[in-house]
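Asks: First, the structure itself, so that you have it in front of you.
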Amino acid sequence: MINNETGRGIMKHYFTLLILLAAVSLNATEHPIAEWDFSGGNINSRCGRYTAELRGATRIMGDSGSQYLSVGRGPLEMPQGIALSKNAPELSPAAFRLEATFRLRKEAGSNQKLILWDSKYIDYPMKPDKAEYHCGFVLYLDRNSKGWYTPKAQIGLGGLKSVDFSGSKISLKAGTPHTLSFSYDGTGTAEFIIDGKRNARIRREGGAMAKSAYGIAIGSRWRSNYFSFDGDIFSVKLYELERPDFTVEFQRRSFLQNEKDAFLAFQLYDHRISPARDAATIEVSGDFQETLAVQGEGGKRLKLIRFPLETRLVKGEYKGKIKVTGNGKTNTFPFTFNICTRSEERMPFLFWLMNSPDVEQLYGAVRDAGFNCGTYGFYGDIRKEEVSRKLLNLMDRMLIDGFLYGHYTLPPYSVEQKYLRVNREGKTEGRNMEASNPQAVAECLDVLRADAEFYSSHPAFGYLTTSSEVRDNSYPSFGGSEQAAFRKFAGYDIPETVSGRTAPHYTELKEFPATRLVEPDDPLLVYYRWFWKTGDGWNNYQTAVDKLYRKLIPMPFISFYDPSVRVPPLRGSGGNVTMQNQWTYVYPEPFNISAVISEQQAMGRGNPNQKIMSMIQGISYRSVLAPAGKQVKNPPRWLREQSDARYLTTPHDMVREALWAMASRKLDGMAVYGWRSLFDSSGFEHRNPDRAYQYSDPETIRVIRSFSQNVLTPLGPLLRRIPERRMEVALLESFPATIFAGRGSWGWRGWIYDCNVMLHYANLQPGVLYEEDIMDGGLDTVKVLVMPHCDVLSRPVYEKICEFQRRGGIVAADEFAVPGILPDIRITPVKRSGIAHEDKISMQKSAAELTGKLAPFYRSHAGADHADLLTWVRSATDADYLFVINDRRGYGDYVGQWRHVMEQGLPNAGKVHVARNAAAVYDLLSGREVPFEKRDGRIIVPVNFSTNDGRIFLVADRRIASLAVECPRSIKRGSGFPFRVSLRDSDGKTLRMPVPLKIKLATATGRNLFEDYAATDEKGELEKKINIPLNLDAGTATFSITELASGGKTSAIVSLE
């Protein structure tokens, strides 16, 4: 809690927004009106006023002084529990709290509905309806087939209206006493508390409870099907609450430091009953004060009241209160709000789809695992008050933690089913929407609009998934709109041979050219280029969703589509989203994600402003790693406990290696998926858990947390800045071969994919080229072009490749290349056996053969002294950044016994080299200079690994000598503190290279005003501005910057005025 006394005069106009239910509405004075304490063996109320009688098999049990009501068992039609001898309408106060202490039986019965109290009798729709059905209340536990319990209540409001309240599912241990408290404030707000912990707080349109027209039963229903409680009841206490004249609901209460146009906003409800109603005055105070007179009809929501909020404050929690006076009575509502900060330099580390019904608890686990952003979806109708409150509460927490929220969308199911794709026979197949139909897109946007409007005011919103996996089942549709669109585009109808996602195989097409070179205007090629670029409608759909959200949300955010390269090799996937994402199952080779990233980079060259994020699957197909039908000698623990698992946790050592492979590449974000496999959901999964996903390797999430803390946090800003090297070895992915020969990696499979993996084993640092790249001059820097599965090419691309060879470029191709290509080096596809160590040997052998054949013509920029050390280099003007990954792995006891993956990292040592005449080499993990050798124009660095881990070395032309810092020596509170940093050598010259930095600004009293990691740019410079809070005491602060390559540090004393 920040003590803001020094800033009292500053807080005059300053507060927040939050559609959360205010806790104040249930903090009312309570008066006991009845209690049943069964410990003494008495079934009447303690005051003696309310006598009762036992029903059915219900009995008082237990030793004297510690007795309890044992609710009997019997047919549903048999009454149980106790019933009051006479009706007692006075036990239906307008506002109340009921508290029951109970114990569930260890041998659970068949009842789903376990009633604790009933004075309502009818809690379901009846025809004809009657007023007496809407009086009193019922409180019960709803038990599902898995043994989870949901507290529920229904309250009659009189007339023909009742209101339902449902809490959160919870696990209750049988045979142990529990206490359930249910409160209702008489205005529409209810709260469930179980064993002292809030279970749920719910707001409905409501009012005072109507007096019961029936009798009262404890432990059973009053009449008819009795739904008796399945256990023992120790006590029941009923309190009358003072019904408030007013309640307040706040909107969000978390704000970014220096957020513009921020407001404290709240809704005031007037619950007074005519005619005792006069004007109400509202006073909001901290050290700011304003008074506003308002008047409204009882039970109606008054207008939204907003107060400007000063946000130039120290990070932390602040307090305020609202006083509302009416009829000579004052209601006080205390509240808190938070001023928050977050890093703008960090590497986004996104957890994909926190899709738990208990997302609030899962979020805490995700945050603690080192993620700084995450997506969430499927939470229900955002227009419902309880949904919006829950979500805004979550987003407030995220803003406090510096976490960015992402919204996951899919085409609405109702629209999708209305506009399914239609085949040539006029039949719908699968579940893929005809996104090319403008009406379908318009109806989707109408549904999504409510979500976009909801997020428009909360700065925790940072990511939008426009849709996911929608193109996996996309195929030509003949419902009318696509046919008309293609006719307009091409001037002729869709070719008759079109029916599927690709054309018939070229061997089945009459008059297909023997050269296997297709002309750009070939009708089938024209059609399929059109279909995959815009024709099926999905790329335009992503653009339309992005455009809708940007229109309604004023804050900057990232939109992305995935999986972005699970399509033919043609630019445009995802339309105009600002980021593309692709997920990868990181087996059998954990570094295979690097091959996918090269494909993403090729896709992204069609939109240079589009960012790239890549994602690891934290789940693994058991059918691939450990097939159920194959027996092993020593079954691992997960198999004994989770024999029905279909998805396992991805082995932790493989995840570590994959994370390093991602870090080696130029990315704008990294992501992980698989919450049920990465987190133990047994403690907070209150819905029938999906047994397909199993938490089988607890070490995996610890590896992820360690990588985030030790690599991404300090080095993430640097990793975002370092450029990739110019491509010298390229792998061509042919669009015509994908369409006419059934080729293509589709982002995850086949010889093209494996060839890329093999090139990584050769340390050739391969990039990927699409045919569009070649037409745009993509071969200009390339020295070696590798052509797997290039059975068919377009003629212009073929001519460019021939020209490339004529000027000295090396072509390596397999036997499937078009007849006109005469490769300089013939490569043979690697055929996998499915036995991991055999396949690795085959891959490394093929890699060694290729490098041997290339040796007279080309040597890669970096390499290693044996094949289990993988290298990748990114470069700046004055430095190389050498990433080294240890790929030495063996069979472990987790899934290794099946021999399909080598999942256990092993120690390794060796030497790596890079072609640079360096003056110094820095280990960026340890922040120190390391020894190296120089030989034949290369530097050689020894490496040592205890497992399959990674390293990053900064190979610098000149040694880092100092940091030059320019900053003001005094700064006014409430303004910005600008500074400029440059990296210098011993001659005072700027080193043109990114280096990681740690920046800190702290007052003389030790309060941190700013602490974050950053990196210089490619020029070796950094310019930045730090917010200086307004409510600081005058004094001094120490500004320090540590350079994390050599450990050098500089600092300055700054005066705060």
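Any read-out appearing in this document is the output of simple, stated calculations on the displayed coordinates, not a laboratory observation. Keep in mind it's a predicted model, so treat the numbers as computed, not measured. Every residue, glycine among them, receives a Cβ derived from its backbone with ideal geometry; neighbour counts consider all protein chains shown.
Asks: For 496, 317, 1057, what ranking results if the residue with the fewest other Cβ atoms within 10 Å of its Cβ goes first?
Replies: Ascending number of Cβ neighbours within 10 Å: 496, 1057, 317.
Asks: Regarding region 141-254, what is the average projected area of its C-alpha convex hull, in nm²?
Replies: On the way: hull surface 38.3 nm².
For region 141-254, averaging the hull's shadow over all directions gives 9.6 nm².
Asks: Which residues among region 595-631 fall inside the zone where the amide N is under 19 Å from a point 7 Å beyond the Cα of residue 838, along Cα→Cβ?
Replies: Those under the cut-off are 624-631.
Asks: When a/c reaches 1.5 or more, the comparison of a/b and b/c decides; with that in mind, is region 886-1034 rounded, prolate or oblate per its Cα gyration tensor?
Replies: Numbers: a/c = 3.80, a/b = 1.64, b/c = 2.31.
Taking the square roots of the gyration eigenvalues as a ≥ b ≥ c, region 886-1034 is oblate.
Asks: Take every Cα pair under 8 Å in the chain that's 6+ residues apart, average their separations, divide by the length, and report that relative contact order as a whole percent.
Replies: Dividing the mean separation by the residue count of the chain yields 8 percent.
Asks: Please give the FRET efficiency for residue 909 paired with residue 632, using the beta carbon to beta carbon distance and R0 = 22 Å, rounded to the nearest 0.05.
Replies: After rounding, the FRET efficiency stands at 0.10.
Asks: Label residue 85 and residue 1019 with points 7 Å out from Cα along Cα→Cβ: what is the distance between them in nm?
Replies: Between residue 85 and residue 1019, the label points sit 9.3 nm apart.
Asks: Then there is this: Mind giving me the FRET efficiency for residue 1053 and residue 555? R0 is 30 Å, r the Cβ-Cβ distance, nearest 0.05 is fine.
Replies: 0.25
Asks: Stretched out fully, how many nm does the piece from residue 1007 to residue 29 gain, at 0.36 nm a residue minus the Cα gap?
Replies: Details: separation 978, 0.36 × 978 = 352.08 nm, distance 4.03 nm.
Extending this stretch completely gives an extra 348.1 nm.
Asks: Can you grab the distance from the C-alpha centre of region 640-684 to the C-alpha centre of region 697-720, Å, no decimals?
Replies: That distance is 13 Å.
Asks: Using DSSP to define loop residues, name the trypsin sites (Lys or Arg not before Pro) in region 62-145 whose beta-carbon has at most 16 other beta-carbon atoms within 10 Å.
Replies: When the trypsin sites (Lys or Arg not before Pro) of region 62-145 are filtered for loop state and at most 16 Cβ neighbours within 10 Å, 86, 105, 106, 130 remain.
Asks: Using alpha carbons only, how many angstrom separate the centre of region 554-573 from the centre of region 440-481?
Replies: That distance is 13 Å.
Asks: Let me ask something else. Let me know the volume per residue of the alpha-carbon convex hull for region 962-1056, in Å³.
Replies: Working: hull volume 7.8 nm³, N = 95.
Dividing the Cα hull volume of region 962-1056 by its residues yields 82 Å³.
Asks: How much of the pair distance distribution for the chain lies past 51 Å, counting alpha-carbon pairs only, in percent?
Replies: When every Cα pair of the chain is considered, 35 percent fall beyond 51 Å.
Asks: Read phi for every residue in region 334-344 and hand back ³J(HN,Hα) as whole Hz from Karplus 6.51 cos²θ - 1.76 cosθ + 1.60, θ = phi - 60°, with x for Gly and Pro.
Replies: Whole-Hz 3J(HN,Hα) from phi for region 334-344: x, 8, 10, 9, 10, 9, 10, 10, 8, 6, 9.
Asks: Considering amide H positions built from the backbone, and no H for Pro or chain starts, which residues 5 or more places from residue 212, or on another chain, come under 5 Å of its amide H?
Replies: Hits under the 5 Å cutoff: 92, 136.
Asks: For region 39-147, what relative contact order do you get, as a whole percent, if you take Cα pairs closer than 8 Å and at least 6 residues apart?
Replies: Details: 134 pairs, mean separation 20.7, N = 109.
Relative contact order here is 19 percent.
Asks: Could I ask something else about it? In degrees, nearest 10, range 0 to 90: what is the angle between the Cα axis of helix 538-552 and the longest Cα principal axis of the chain?
Replies: Here the helix axis deviates by roughly 50 degrees.
Asks: Hey, fewest Cβ within 10 Å first, where do 221, 749 land in order?
Replies: 749, 221
Asks: State, to one decimal in nm, how far the label point of residue 130 lies from the label point of residue 519, with both points 7 Å from Cα in the Cβ direction.
Replies: About 8.6 nm separates the two model spin labels.
Asks: Could you compute the FRET efficiency for residue 962 and residue 1038, with r as their C-beta to C-beta distance and R0 at 22 Å, rounded to 0.05? Kindly include the intermediate steps, with their values, before the conclusion.
Replies: On the way: r = 18 Å, r/R0 = 0.84.
Efficiency, rounded to the nearest 0.05: 0.75.
Asks: Additional query: Taking a ≥ b ≥ c as the square roots of the Cα gyration tensor eigenvalues, with a/c under 1.5 meaning rounded and otherwise prolate when a/b beats b/c, else oblate, which class fits region 862-956?
Replies: Prolate.
Asks: Then there is this: Please list, in order, the residues from region 125-144 whose amide nitrogen is less than 18 Å from a point placed 7 Å along the Cα→Cβ vector of residue 171.
Replies: Within reach of a label on residue 171, which here means backbone N under 18 Å from a point 7 Å along Cα→Cβ, region 125-144 contributes 142-144.
Asks: Between residue 781 and residue 858, what is the spin-label point distance in nm, taking each point 7 Å from the Cα along the Cα→C-beta axis?
Replies: If labels sit at residue 781 and residue 858, their model points lie 1.4 nm apart.
Asks: Expressed in nm to one decimal, what extension gain is obtained for the pair residue 46 and residue 826 from 0.36 nm per residue of sequence separation less their Cα-Cα distance?
Replies: 271.4 nm
Asks: What percent antiparallel are the DSSP beta bridges of the chain, to the nearest 5?
Replies: Counting only bridges with both partners in the chain, antiparallel ones make up about 75 percent.
Asks: How about residue 319: which lysines have a C-alpha closer than 16 Å to its C-alpha, ignoring those fewer than 8 places off in the same chain?
Replies: Straight-distance partners of residue 319: 12.
Asks: Okay, moving on. Counting other Cβ atoms within 10 Å, keep those with at most 10, restrict to DSSP loop, and tell me which GluC sites (Glu not before Pro) in region 794-837 are left. Write down the numbers at each step before the final one.
Replies: Details: sites: 799, 803, 815; in loops: 815.
Sites meeting the loop and neighbour criteria: 815.
Asks: A follow-up question, please. For the chain, the longest stretch holding no chymotrypsin sites (Phe, Trp or Tyr not before Pro) located in a DSSP loop with at most 12 other Cβ atoms within 10 Å is which?
Replies: On the way: sites that count: 378, 492.
That gives 493-1057 as the longest site-free run.
Asks: Let a ≥ b ≥ c be the square roots of the eigenvalues of the Cα gyration tensor of region 29-241; is it rounded (a/c under 1.5), or, if not, prolate (a/b larger than b/c) or oblate? Walk me through the numbers before you get to the answer.
Replies: Values: a/c = 1.34, a/b = 1.24, b/c = 1.08.
Since a/c stays below 1.5, the shape of region 29-241 is classed as rounded.
Asks: To continue, here is another question. Need the full-extension length gain, residue 972 to residue 484, defined as separation in residues times 0.36 nm minus the C-alpha distance. One decimal, nm.
Replies: 169.2 nm
Asks: Separate question: What percent does the relative contact order of region 29-241 come to when contacts are Cα pairs within less than 8 Å and at least six residues apart?
Replies: Contact order relative to length: 32 percent.
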